[in-house]
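The values are calculated or read from the model by the stated rules, or taken from the named source; none is laboratory data. The structure presented is a predicted model; accordingly, all values stated were derived computationally and were not measured. Using ideal geometry, Cβ is built from the backbone for each residue, glycine included, and neighbour counts are taken over all protein chains shown. The accessibility values were calculated without ligands, DNA or RNA, using every heavy atom of the protein model including side chains. Shrake-Rupley method; radii C 1.70, N 1.55, O 1.52, S 1.80 Å.
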Amino acid sequence: MGAPGAKAVKVAIVGAGLTGLLTAHGLRKAGFDVVLFDQESSLEMRKRDWPLLLHWALDTFFRLVSDSVRDKFPDALCNRYLDYENPESCSMLCANGMTGEMLFKSAVPGMRRVSRQRLRRVLAAELTIQWGKTLQNIDVDGHDGPVTLSFSDGAKFSADFVLGTDGASSKVRERLFVGAKEAQVQPSGFMCATAIVRHNDAAKVQPVLDSHPTATIFMGTDSVGGCSVMHADNPDDISTWAITWIKIWRRSKLPDPPAKNGAEALAWIKETTTGLAEPFQSQVQWTTSGDDVFIDEMRVWVSKPWDTLKGRVTLAGDAAHAQLVYRGQGYQNAILDADNFIKALISVRDEGANREGAIKAYSDEAAERGAAAVSQSLKEADMSMDLESAMKMIMAKKGHAK
């Protein structure tokens, strides 16, 4: 916790997404002074929600957060009534996209499935976050001086360390490369459509539950689809439950959609989604213009070592390794980033470790691990589009393991 009477080490986190929020909790527990900055005007500005898996890094997640966050964690679960002691609930059914026949079950031991938005609310409740802060520059004052953040509103903030957790298109990352091109996120070649649907009809919700208690993924065709419970608020009335579906396809296979969200995007998805297995096909067709529908191309950044500005600035989460959704590895790696970063700072503060060496070691490990994870996610996406290669995926052989 630092020497008695010593000045608290100040850490600025740029980006109040799940990675930044979790890291802030871990830093606070370890006795650091933490402030978060985010360019959005409020927590609720990011409207898009989707399910997120926590599995091999779940124990680390709980170790980093406070007891009160742990107590509120069930509020973030997609389906808090799911029996996670049942091994079937800790798996995902992968089926033939045309026939619906089972291809394999992907094991996800110890998993919990959460709403990204709801988990963000749980994590944000106890933290100091300055909203509406768009980063413009990062300056380091000499070798031992503070690092100063400059924002578009003219505000400045000085800290001992800065962590960039500002997502796939990280502005912090751009500052850590001499050429901005190296830091730029790249199109993956895979499009993704997601929807959250409230049918208000138990007969339309039940087929999703009957298919698999957690989630069913349909693959082996020109697209991958999936459907599952997004929000289960009333255990006595499943008609009130929200269902989510996702569709992924190669961008080269279809013309670009006319819109990224709303009624026009939904009409295009319905028109281009035909003949697929149930219950996925019906879930798409039953979606209405009042439901939340989004389409975009998934983006990646294949990690490479970055400058840490004399051990003062580094990256975590999607800012360090923006990858595709396959096997739910993205947030697991982000949780590991958070834990490793905190350990690096503790080693500098409490154990006399060299600041520049400790932060470089953290950053190099995150970059190497991230590069492998990003490349693996792209390979899994490619293999999922063909029935024969789908059976050779890591998801089929190892499940969602680390």
Every pair of residues 6+ apart whose Cβ atoms lie under 9 Å, when the first sits in the stretch 200-227 and is free of Cβ contacts under 8 Å to residues at least 12 places away in the same chain while the second is part of a helix (DSSP H, G or I) and of a type in the set (S, T, N, Q): Ala203/Ser239
Select from the stretch 348-382 the residues that are more than 20 Å from the chain's Cα centre (by Cα) and crowded, with 19+ Cβ neighbours inside 10 Å and write down the one among them that is nearest to Leu103 (Cα to Cα). Tyr362
Which residue is surrounded by the most Cβ atoms within 10 Å (Cβ to Cβ), if the candidates are limited to the stretch 199-233 and must be of a type in the set (Val, Ile, Thr) and part of a loop (DSSP other than H, G, I, E, B)? Thr214
Any chance the stretch 117-133 includes a residue that's closer than 24 Å to Ala396 by Cβ, open to solvent by 30 Å² or more (accessible area, probe 1.4 Å) and not hydrophobic (A, V, I, L, M, F, W, C)? no
Among the residues of the stretch 268-280 satisfying the criterion of being open to solvent by 20 Å² or more (accessible area, probe 1.4 Å) and part of a helix (DSSP H, G or I), which is nearest to Ala215 (Cα to Cα)? Lys270
For the stretch 76-94, how many residues are under 18 Å from Trp241 (Cβ atoms) and in contact with a Lys or Arg (Cβ under 6 Å, 6 or more places away or on another chain)? 2
Condition test on Glu40, is it charged (D, E, K, R) and open to solvent by less than 60 Å² (accessible area, probe 1.4 Å)? yes
With the condition being in contact (Cβ under 8 Å) with a residue 40 or more places away in the chain and more than 18 Å from the chain's Cα centre (by Cα), I'd like the helices (runs of 4 or more DSSP H) fully within the stretch 22-137 carrying at least 3 qualifying residues. 67-72
Determine which member of the set Ser115, Ser152 is more than 30 Å from Asp233 (Cα to Cα) and hydroxyl-bearing (Ser, Thr, Tyr). Ser152
For residues that are open to solvent by 90 Å² or more (accessible area, probe 1.4 Å) and in a loop (DSSP other than H, G, I, E, B), tally how many sit in the stretch 256-267. 1
Scan the stretch 144-188 for residues that are over 17 Å from Ala371 (Cβ atoms), touching a helix residue (DSSP H, G or I) at 6+ places or on another chain (Cβ under 8 Å) and part of a loop (DSSP other than H, G, I, E, B) and jot them down. Thr165, Asp166, Gly167
Checking the conditions here, which among Met383, Met393 is over 19 Å from Gln186 (Cβ atoms) and touching an Asp or Glu at 6+ places or on another chain (Cβ under 7 Å)? Met393
What is the residue count in the stretch 8-21 for residues that are at pLDDT 95 or above, more than 16 Å from the chain's Cα centre (by Cα) and in a loop (DSSP other than H, G, I, E, B)? 1
Within the set of pairs 6 or more residues apart or between chains, which connect a residue that is more than 16 Å from Arg48 (Cα to Cα) inside the stretch 279-294 to a residue that is open to solvent by less than 20 Å² (accessible area, probe 1.4 Å) and in a loop (DSSP other than H, G, I, E, B) with Cβ atoms less than 9 Å apart? Phe280/Gly97; Phe280/Thr273; Gln281/Thr273; Val284/Thr273; Gln285/Thr273
Residue in the stretch 321-346 that is farthest from Trp249 (Cα to Cα), counting only those that are open to solvent by 20 Å² or more (accessible area, probe 1.4 Å) and more than 12 Å from the chain's Cα centre (by Cα): Ile346
Exclusive hit being more than 30 Å from Gly357 (Cα to Cα) and either open to solvent by 60 Å² or more (accessible area, probe 1.4 Å) or modelled with pLDDT under 95 (or both), set Asp237, Asp296, Asp292, Asp318: Asp292
